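Okay, so here's the structure we're looking at.
The values are calculated or read from the model by the stated rules, or taken from the named source; none is laboratory data. Because the structure is predicted, anything quoted here is derived from the model rather than measured. All Cβ positions, glycine included, derive from the backbone under ideal geometry; neighbour counts span all protein chains shown.
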Amino acid sequence: VTKPKKTRKAKKAKKKPLKLSPDIWIRETLEGQQKN
Amino acid sequence: VAASVEELVFDLSLDSLSEQRDVLKDMRARSATVLTASSIATSFVGGRAIDTVGLNAVTGAAVAAFFLTLLPAIYVVAATAEGRFSIDGAQLYAALAPREASLEDAYLALAAEIRSARQSNRLLVERALWSLRLGFGALILEVMLFLVALALH
């Protein structure tokens, strides 16, 4: 009787965290004026 | 209610950033309050004290304290430091669209970005709070000195 082959569980591929550019932010002075 | 863990993380991060922004908004309002209170105190108590006693060490110190009360308002207007409190939607789309990121990935990336923004905003908020504390302290000192000058007369 042949033993059933052990199957390896597929490892979950680690996703690289998404890195966003600082350009997405709207900069704001203390006075409240927005700059982009 | 958040539909996923990622959304929950993003919502909580966004809340913390909004709270930080609210602190700055309060700061602006309070610096105007200090300015108003200081002007009223100087024109009523200060004017009377200087009329009665003249310009001596006590009233001179009170006048110096009055100038310090202007500090928070000047700081709010003149500070060049910038904070990050809101996200430009178009820029965000331009960053996310080419990578074909899923909504969950976007939530997590934004949560990380918000955390870093909150940390970099901290110095701005702390400086503003210190200027306000100094302004309030100077206001109390100013009023007390003018009252002492009147009482000693």
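Of the numbered criteria (1) closer than 19 Å to B:Ala151 by Cα; (2) surrounded by fewer than 13 Cβ atoms within 10 Å (Cβ to Cβ); (3) of a type outside the set (S, T, N, Q), the one B:Ala62 fails is (2).
Remark: pairs (first residue in the range A:15-34, more than 7 Å from chain B (Cβ to nearest Cβ); second residue at pLDDT 90 or above; Cβ separation under 6 Å; 6+ apart in sequence or on different chains) = A:Gln34/A:Ile26; A:Gln34/A:Glu28.
Any idea which of B:Leu123, B:Leu71, B:Leu92 is within 25 Å of A:Gln33 (Cβ to Cβ), more than 9 Å from chain A (Cβ to nearest Cβ) and out of contact with any Ser or Thr (no Cβ under 6 Å at 6 or more places or on another chain)?
The unique qualifying residue is B:Leu123.
Within the range B:100-120, if we keep just the residues that are crowded, with 20+ Cβ neighbours inside 10 Å and touching a Leu at 6+ places or on another chain (Cβ under 6 Å), the residue that is farthest from the other protein chains (Cβ to nearest Cβ) turns out to be B:Ile114.
A quick yes/no check of all residues on (1) touching a residue at least 24 places away in the same chain (Cβ under 8 Å); (2) charged (D, E, K, R); (3) surrounded by 17 or more Cβ atoms within 10 Å (Cβ to Cβ):
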position: B:Ala41; (1), (2), (3): yes, no, yes
position: B:Val45; (1), (2), (3): yes, no, yes
position: B:Arg48; (1), (2), (3): yes, yes, no
position: B:Thr52; (1), (2), (3): yes, no, no
position: B:Asn56; (1), (2), (3): yes, no, no
position: B:Pro72; (1), (2), (3): yes, no, yes
position: B:Val76; (1), (2), (3): yes, no, yes
position: B:Ala81; (1), (2), (3): yes, no, no
position: B:Arg84; (1), (2), (3): yes, yes, yes
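So how many residues does the range B:109-153 have that are in a loop (DSSP other than H, G, I, E, B) and closer than 17 Å to B:Ala73 by Cβ? Residues in the range B:109-153 being in a loop (DSSP other than H, G, I, E, B) and closer than 17 Å to B:Ala73 by Cβ: 0 in total. For the condition more than 9 Å from every other protein chain (Cβ to nearest Cβ), surrounded by fewer than 16 Cβ atoms within 10 Å (Cβ to Cβ) and not aromatic (Phe, Trp, Tyr), B:Ala97 qualifies. Can you find a residue in the range B:44-59 that is closer than 30 Å to B:Leu145 by Cα and among the basic types (Lys, Arg)? Yes, the range B:44-59 has at least one match.
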